[in-house]
Amino acid sequence: MKLVIAGAGSIGCYCGGVLADAGHEVTLLGRARVLDPMRQNVLTVTDYSGMRKTIPADRLTLSEDPACLSNADLVLVAVKTGATAEMARLIAAHAPAAAPVISWQNGMENARTLRTALPGRDVRAGMVPFNVVPAGPATWHRATSGDIVIQSGPGALARRLSLPDLPVTETDGIEAVQWGKLVINLNNALNALSGLTLRDQLLNRDWRRLMADQMAEALAVLAASGRPVASTTPLPAWMTPHILRLPTPLFSRIAARMLTIDPAARTSMAYDLDAGRPTEIDSLQGEIIRLGRETGTPTPICDRVAALITQGETGPLSPDQIRAGLHGPGG
Ligand SMILES: NC(=O)C1=CN([C@@H]2O[C@H](COP(=O)(O)OP(=O)(O)OC[C@H]3O[C@@H](n4cnc5c(N)ncnc54)[C@H](OP(=O)(O)O)[C@@H]3O)[C@@H](O)[C@H]2O)C=CC1
Ligand SMILES: CC(C)(CO)C(=O)C(=O)O
C-alpha cells in the first residue's frame, strides 16, 4: 500500500519505519530538520523489547512538499493537534479523494477537524496507545506496549496495516477508546510539569495520587455527560485510580506492565513543553473542563493543570505545588 504519513515526528517516523520495513511504500511528509538526518543516513526504529530496524533512505520517500500527498492510497495523520487544521487543508488540496484518512493523534477533536475539512471522504479516528521518543538523529524508540486501534470501515484497513511489530485492530466503538486514551493522556501535562521520566513519576506515590485524583475527576465528568469510556490499558478505567493510589510496593506488583517502560520515556507534551512548542492541553484537559462546565461537574485539578500549562509554567513542580493552587474539592 502507498502510505503517506502526514507529520513526520515521533509517531509518524516510528510507525512509518516499521511499515516501510514490512514492504509498504511509505512517504514521510515532514520538516527538513527531521528528514535531513534520515537523508544522510538511515531511519532507525527500536523498541523496549530489543527490536531494531534500519530503513535506508532510498526505501522511503522523504518530502517537505505537501504535493507528495497526491501519491497516497492511505493518509495517516500524525501531527500535533494545533497543526491538524492546516494538514487537513493540505490533504484536501493534494490527496486523492478516494484515499482514506486516519488520525493517529491524541484527543477527540482531530478526527472532527479532518472530517469538517474533508467532506465526503473516508476519515477515521484512531488511537495509538504506546509512547515513542526521539532517541538520536533519525532514530525513534517505542518505549511502551499496546496495539493501535482504528475506527472500522470499508477496505479492511486494519488487516492491511497490521504487522507483528505494529498490530492494528478495528472497532465500532472508537469514541469510547478515544475517551479511554484521553483519560490516560491527562497525565501528559503532569508528566511535563514534573520534569520526571514516566517511570520515576509512576514510582512516586504522591504523583500517582495526583494522577489518580485527576483521572477520577475526568471519569466523573464523562459519566455525568454519558460519554462511553473503554480502557486502553489492561486495567478497567474505573479501577485505575484505585490501583494508582496503592503503596508503591503493592502498585509495582499489580501494575507491573505499566512499569514496563523505557527508563527515559516522557510524554509527548513533556517534549513540547521543553522545546517551547504549543501543547495539546486544550484538547486533553480542555475537553474535560468543557464537559465539566456543561454538566455542572467540578474539574478543579484539570482547571489548575490547564492554567499552569497555559500560563507558560515549565516546572519542575512537585505534586504539592500543583495542589497548592487548587480551589474546591480536589484542594
Ligand atoms: N509521541 C508519543 O509517544 C505519542 C503521541 N501521540 C499523538 O500523536 C500525535 C503526533 O505526536 P508526535 O509524533 O509526538 O508529534 P511530533 O511533534 O513529534 O511530530 C509531528 C511532526 O509533524 C510536523 N508537521 C506539522 N505540520 C506539518 C506540515 N504541515 N507539514 C509537514 N510537517 C508538519 C511537525 O513539525 P513542527 O513541530 O515544525 O510543526 C513535527 O515535526 C499527537 O496528537 C500526539 O498526542 C499519541 C500517542 C503517543
Ligand atoms: C505517553 C502516552 C503513550 C500516554 O500518555 C502518550 O500518548 C503520549 O506521550 O502522548
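Checked against (1) in a loop (DSSP other than H, G, I, E, B); (2) closer than 22 Å to residue 104 by Cβ, residue 297 passes all but condition (2). Could you count how many residues in segment 125-144 are modelled with pLDDT of 95 or more, out of contact with any Ser or Thr (no Cβ under 7 Å at 6 or more places or on another chain) and away from ligand 2 (no atom under 16 Å from the Cβ)? The total comes to 0. A single entry from 28, 60, 114 fulfils the requirement of being touching a helix residue (DSSP H, G or I) at 6+ places or on another chain (Cβ under 7 Å) and touching a residue at least 40 places away in the same chain (Cβ under 8 Å): 60. Residues that are part of a helix (DSSP H, G or I) and either surrounded by fewer than 19 Cβ atoms within 10 Å (Cβ to Cβ) or more than 13 Å from ligand 2 (Cβ to nearest atom) (or both) do occur in segment 180-193, at least one of them. The set of residues from segment 117-142 being among the hydrophobic types (A, V, I, L, M, F, W, C), assigned to a loop (DSSP other than H, G, I, E, B) and in contact with a helix residue (DSSP H, G or I) (Cβ under 8 Å, 6 or more places away or on another chain) comprises 118, 128, 138. Criterion applied to 196, 250, 210 was being of a type outside the set (D, E, K, R) and in contact with a helix residue (DSSP H, G or I) (Cβ under 7 Å, 6 or more places away or on another chain), and the one residue passing it is 210.
When residue 7 is tested against (1) farther than 16 Å from residue 135 by Cα; (2) more than 16 Å from ligand 2 (Cβ to nearest atom), only condition (2) is not met. The set of residues from segment 224-279 being part of a helix (DSSP H, G or I), crowded, with 19+ Cβ neighbours inside 10 Å and not charged (D, E, K, R) comprises 237, 240, 241, 244, 251, 258, 268, 269, 270, 273.
Would it be correct to say that residue 160 is away from ligand 1 (no atom under 16 Å from the Cβ), charged (D, E, K, R) and either without any contact (Cβ under 8 Å) to a residue 12 or more places away in the chain or under 22 Å from residue 282 (Cβ atoms) (or both)? No.
The values are calculated or read from the model by the stated rules, or taken from the named source; none is laboratory data. Keep in mind it's a predicted model, so treat the numbers as computed, not measured. Ideal geometry is used to build each Cβ from the backbone, glycine not excepted, and the neighbour counts take in all protein chains shown.
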